[in-house]
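In what follows, a structure is listed as structure tokens, so that the remarks can point back to it.
Values quoted throughout were computed directly from the atomic coordinates according to the rules given, and no laboratory measurement underlies them. These numbers come from a predicted model, not from an experiment. In this analysis, Cβ positions are derived from the backbone assuming ideal geometry, glycine residues included, and neighbour counts consider all displayed protein chains.
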Amino acid sequence: MADGAPIPGSYWGEPEAGIIGTTVYVRGDTPVHSMLHEACHLIVLPPERRAAVHTDATDSVAEEDATCYLQIVLADALPGVGSARLMADMDAWGYTYRLGSTRAWFEQDAEDARQWLLERGLLPRLPLAATPAPH
């Protein structure tokens, strides 16, 4: 979206990303974690549900957790972003986890989210020793 333009489908309001159908809406001032989060919702949603999405992309805690986990993993593929920055941005924005930080959740309490993604073929099945550690 152009700078200053309304962001359609934004659950939290501007400048947060919006989602309608299979389109994620962002502006130049949209936080990367917000854009990546909505894009990951589209990845984790079954194809038959994607077209019906409008503003609120999930109906389950498991799906939301999987989305959060995947956005952290994929952040390493974005030049200049990486998982460490993304997790710090998530904390600064206000994501909350019972262990106190996004990093603690990802490293110590997110096995159910990882398993959810593995069961659906959305993460590679790597031997534990080969699993990349977050930076």
* To do: With respect to LEU70, determine if the residue is without any contact (Cβ under 8 Å) to a residue 40 or more places away in the chain and more than 24 Å from PRO6 (Cα to Cα).
  => no
* To do: Filter the stretch 92-104 for residues that are in a helix (DSSP H, G or I) and free of Cβ contacts under 8 Å to residues at least 12 places away in the same chain and give the result.
  => ALA92, ALA104
* Structure fact -> Within the stretch 1-22, of all residues that are among the hydrophobic types (A, V, I, L, M, F, W, C) and out of contact with any Phe, Trp or Tyr (no Cβ under 8 Å at 6 or more places or on another chain), the one surrounded by the fewest Cβ atoms within 10 Å (Cβ to Cβ) is ALA2
* Asked: So, in the stretch 45-88, of the ones that are among the charged types (D, E, K, R) and under 13 Å from the mean Cα position of the chain (by Cα), which residue ends up farthest from PRO124 (Cα to Cα)?
  -> GLU64
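Regarding TYR25, is this residue touching a strand residue (DSSP E or B) at 6+ places or on another chain (Cβ under 9 Å), more than 22 Å from GLU111 (Cβ to Cβ), surrounded by fewer than 21 Cβ atoms within 10 Å (Cβ to Cβ) and in contact (Cβ under 8 Å) with a residue 40 or more places away in the chain?
Working: touching a strand residue (DSSP E or B) at 6+ places or on another chain (Cβ under 9 Å): yes; more than 22 Å from GLU111 (Cβ to Cβ): yes; surrounded by fewer than 21 Cβ atoms within 10 Å (Cβ to Cβ): yes; in contact (Cβ under 8 Å) with a residue 40 or more places away in the chain: no.
Judged against the criteria, TYR25 is not a match.
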* To do: Please note which helices (runs of 4 or more DSSP H) are completely contained in the stretch 1-89 and include at least 2 residues that are in contact with a Lys or Arg (Cβ under 9 Å, 6 or more places away or on another chain).
  => 32-44, 61-75
